[in-house]
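The values are calculated or read from the model by the stated rules, or taken from the named source; none is laboratory data. As the structure is a prediction and not an experimental result, all values here were calculated from the model. Virtual Cβ from ideal backbone geometry, glycine too; neighbours counted across all protein chains shown.
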Amino acid sequence: MEFHHIPVMLEEVLQYLDPKPGGIYADGTLGGGGHSLEILKRIVPDGRLIGIDRDPEAIKAARERLKAWSGSFTAVHGNYADIVEILKDLGIEHLDGMIMDLGVSSHQLDEKERGFTYNEDVRLDMRMDTTQDFSAYDVINGYPAEELARIFWQYGEERWSKRIAEFIVRNRPIETTGRLVEVIKAAVPASARRSGPHPARRVFQAVRIEVNRELEHLKEAIDRAVSVLKPGGRLCIITFHSLEDRIVKTQFQRLSNPCICPPKSPVCLCGKTPQVEILTRKPVLPTEDETGSNPRSRSAKLRACRKL
């Protein structure tokens with residue numbers, strides 16, 4: 001299947017990332033290479049772009065799409081949280097900028113065998129990196145009810161988390177997405193199913209986050225990305241739900257104001273100095289034109305910072 005991906009908030013990313021000719025940049029979520037292509041156009045001939053993705057299919061597709069730029073582009077199968085090690089292996093010390101477009105890609109949603117969507121009946125999977133062993137099957141069939149309830153609430157903000165977890169344990173083994181949806185629907189009261197989003201949406205989000213350790217990796221990645229930026233280098237992050245956006249907002253605030261001295265202290269004694277300047281005091285949202293033409297962008301939020 002062709003790797004399909006429309007780069008979200010492309011113009012806004014280019015505005016805040018501000019790629020310069022000859023610069024060194026990283027795309028931590030390469031996907032189909034949409035953001036990378038436009039960055040490359042602005043940094044060649046002397047610039048370099050490192051494209052990172054956990055999905056081997058994304059790496060393969062991006063290499064094909066960007067083969068004309070092979071002299072300036074390097075694709076790496078890996079995790080953006082490992083940016084320090086990835087750059088070290090490539091002999092690169094610092095970046096002029098980095099972009100991360102979080103969440104599941106359009107291709108991963110469209111390729112039904114990957115098990116990311118509740119609209120198809122396939123084997124439970126949800127792995128962004130298909131080379132890893134741990135999958136949604138292991139979460140649904142291996143976690144105790146208490147742990148399932150925790151991740152449904154923590155990662156999906158699902159109000160019926162405990163009841164759904166109990167129904168899942170009672171109906172094991174559950175091998176497919178279709179059967180999981182049936183169990184979720186049975187657990188959620190009819191009155192709740194008649195209003196709001198699809199009853200399985202929050203659970204599927206939570207399981208996907210757990211399988212891929214998305215929020216843990218995000219926290220690690222922000223600190224590590226900032227550590228490899230040159231002074232003036234920029235970090236742009238696009239999020240798609242409140243949990244991701246909250247982490248980015250909190251981490252940016254901590255890096256821009258790290259002082260831990262008591263509020264009434266007349267002078268700073270902790271010695272912690274700001275590492276970044278926040279460029280987006282409020283998240284930047286997609287335009288109406290973009291949300292109309294690309295529904296995936298509706299929940300997108302862009303935040304950016306600059307290394308001091």
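Mind listing whichever residues of the stretch 292-308 are buried (at least 16 other Cβ atoms within 10 Å of the Cβ) and assigned to a helix (DSSP H, G or I)? Before the answer, list the steps.
Start the filter on the stretch 292-308 by keeping residues that are buried (at least 16 other Cβ atoms within 10 Å of the Cβ), which leaves 294, 296-297, 299-307.
Once the filter is applied, which keeps residues that are buried (at least 16 other Cβ atoms within 10 Å of the Cβ) and assigned to a helix (DSSP H, G or I), the stretch 292-308 yields R296, S297, S299.
Within 29 Å of V181 (Cα to Cα) and at pLDDT 95 or above: is that true of K282 in this structure? It is false that K282 is within 29 Å of V181 (Cα to Cα) and at pLDDT 95 or above. Only one of the numbered conditions (1) in contact with an Asp or Glu (Cβ under 8 Å, 6 or more places away or on another chain); (2) outside any helix (DSSP H, G or I) is violated by T117, and that is (1).
Have a look at S297, S265, S293 and point out the one that is among the small types (G, A, S) and either more than 26 Å from S105 (Cβ to Cβ) or in the same structural domain as D129 (by TED's automatic domain parsing) (or both). Walk me through how you get there before you give the answer.
Working: S297 fails: either more than 26 Å from S105 (Cβ to Cβ) or in the same structural domain as D129 (by TED's automatic domain parsing) (or both); S293 fails: either more than 26 Å from S105 (Cβ to Cβ) or in the same structural domain as D129 (by TED's automatic domain parsing) (or both).
Testing whether each residue is among the small types (G, A, S) and either more than 26 Å from S105 (Cβ to Cβ) or in the same structural domain as D129 (by TED's automatic domain parsing) (or both) leaves just S265.
Residues of the stretch 252-287 that are more than 23 Å from L10 (Cα to Cα) and in a helix (DSSP H, G or I): Q253, R254, L255, S256. Applying the set (1) touching a Ser or Thr at 6+ places or on another chain (Cβ under 7 Å); (2) in contact (Cβ under 8 Å) with a residue 60 or more places away in the chain; (3) charged (D, E, K, R) to E93 leaves exactly one unmet item: (1).
Whenever a residue of the stretch 271-291 is free of Cβ contacts under 8 Å to residues at least 24 places away in the same chain, its partners that are buried (at least 16 other Cβ atoms within 10 Å of the Cβ) and outside any loop (DSSP other than H, G, I, E, B), lying with C-beta atoms within less than 8 angstrom and at least six residues away or across chains, give the pairs L285/K301; L285/L302; T291/S297. Please work out which residue is surrounded by the most Cβ atoms within 10 Å (Cβ to Cβ), limiting yourself to the stretch 33-43 and to residues that are out of contact with any Pro (no Cβ under 6 Å at 6 or more places or on another chain) and farther than 21 Å from T287 by Cβ. Within the stretch 33-43, the match that is surrounded by the most Cβ atoms within 10 Å (Cβ to Cβ) is G33.
Just checking, which of R193, R179 is at pLDDT 95 or above and more than 20 Å from the chain's Cα centre (by Cα)? Steps first, answer last, please.
Details: R193 fails: at pLDDT 95 or above.
Exactly one residue qualifies, and that residue is R179.
Scanning the stretch 237-263 for residues that are surrounded by 15 or more Cβ atoms within 10 Å (Cβ to Cβ), out of contact with any Lys or Arg (no Cβ under 8 Å at 6 or more places or on another chain) and of a type in the set (S, T, Y) yields a count of 1. No other residue among V203, V211 is of a type in the set (A, V, I, L, M), under 20 Å from S299 (Cβ atoms) and either touching a Phe, Trp or Tyr at 6+ places or on another chain (Cβ under 8 Å) or outside the structural domain of P283 (by TED's automatic domain parsing) (or both) apart from V203.
Table: residues versus (1) within 19 Å of I237 (Cβ to Cβ); (2) more than 17 Å from the chain's Cα centre (by Cα); (3) assigned to a loop (DSSP other than H, G, I, E, B); (4) of a type outside the set (A, V, I, L, M).
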| residue | (1), (2), (3), (4) |
| --- | --- |
| A58 | yes, no, no, no |
| A61 | no, yes, no, no |
| I83 | yes, no, no, no |
| I92 | no, yes, yes, no |
